[in-house]
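Input: a single structure, listed below in structure tokens.
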Amino acid sequence: MTAADFSDAALGYARANLDGVCEVVKSDLFSALGDRKFDVIVCNPPYIASAVIPTLAPEVRREPVEALDGGADGLDFYRRLAIEAPAHLQEGGLLLLEIGYDQGESVPALFSGKKAEVFKDYGGHDRIVVIS
């Protein structure tokens, strides 16, 4: 198992919490992973539209902006994942993505030709997309 993030602070927490359970790598998506392939990739990318960030609850705004800001429409990282992730998935592998409550149609549409299932959270909002 490999955990990756580009934030030094997040990597520090990951190393402390995972304590040798898995490899922890500093990487912007797949940039430091070479040609490695995985059976499952789980990703919680920044998915909030830039203009929405100032309106978020104060406890959410305490998060680093780079952990929240998904670009003008919130989909920047998903576009990158749609391009980069297939090269890092084993045949038959799965890509699991956390999404914003209003991205249940837009995120799957970026993965054309792939099967996409959207799952709701306990509040009834779209929250997870599984790409296979």
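The values are calculated or read from the model by the stated rules, or taken from the named source; none is laboratory data. Every value quoted in this text rests on a predicted model; they were computed, and no experiment measured them. Methodologically, a virtual Cβ is constructed for each residue, glycine included, from the backbone with ideal geometry; neighbour enumeration extends over all protein chains shown. SASA here: full protein model, heavy atoms, side chains in, ligands and nucleic acids out. Shrake-Rupley method; radii C 1.70, N 1.55, O 1.52, S 1.80 Å.
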Is there a residue being touching a Pro at 6+ places or on another chain (Cβ under 9 Å) and among the aromatic types (Phe, Trp, Tyr) anywhere in region 66-84? yes
So SER50 fits all but one of (1) open to solvent by less than 100 Å² (accessible area, probe 1.4 Å); (2) farther than 30 Å from ASP102 by Cα; (3) in contact with a strand residue (DSSP E or B) (Cβ under 9 Å, 6 or more places away or on another chain); what number is the exception? (2)
What's the total number of residues in region 25-72 that are of a type in the set (Lys, Arg), closer than 13 Å to THR2 by Cβ and part of a loop (DSSP other than H, G, I, E, B)? 2
If you go through region 9-26 one residue at a time, do you hit one that is touching a Pro at 6+ places or on another chain (Cβ under 9 Å) and basic (Lys, Arg)? no
Looking only at region 90-132, which residues are of a type in the set (Asp, Glu) and part of a loop (DSSP other than H, G, I, E, B)? ASP102, GLU105, ASP121
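One residue is enough: does region 63-70 have a residue meeting the conditions aliphatic (A, V, I, L, M), open to solvent by less than 40 Å² (accessible area, probe 1.4 Å) and modelled with pLDDT under 95? Full working, then the answer.
Going residue by residue through region 63-70, those that are aliphatic (A, V, I, L, M) are 65, 67-68.
If we keep only those that are open to solvent by less than 40 Å² (accessible area, probe 1.4 Å) too, we end up with 68.
Add one more test, that the residue is modelled with pLDDT under 95, and what stays is none.
For region 63-70, residues aliphatic (A, V, I, L, M), open to solvent by less than 40 Å² (accessible area, probe 1.4 Å) and modelled with pLDDT under 95: absent.
Evaluate the following for ASP73: is it loosely packed, with under 15 Cβ neighbours inside 10 Å, in contact with a Lys or Arg (Cβ under 6 Å, 6 or more places away or on another chain) and among the acidic types (Asp, Glu)? Quick ask: steps written out before the conclusion?
Numbers: loosely packed, with under 15 Cβ neighbours inside 10 Å: yes; in contact with a Lys or Arg (Cβ under 6 Å, 6 or more places away or on another chain): no; among the acidic types (Asp, Glu): yes.
Criteria not met by ASP73.
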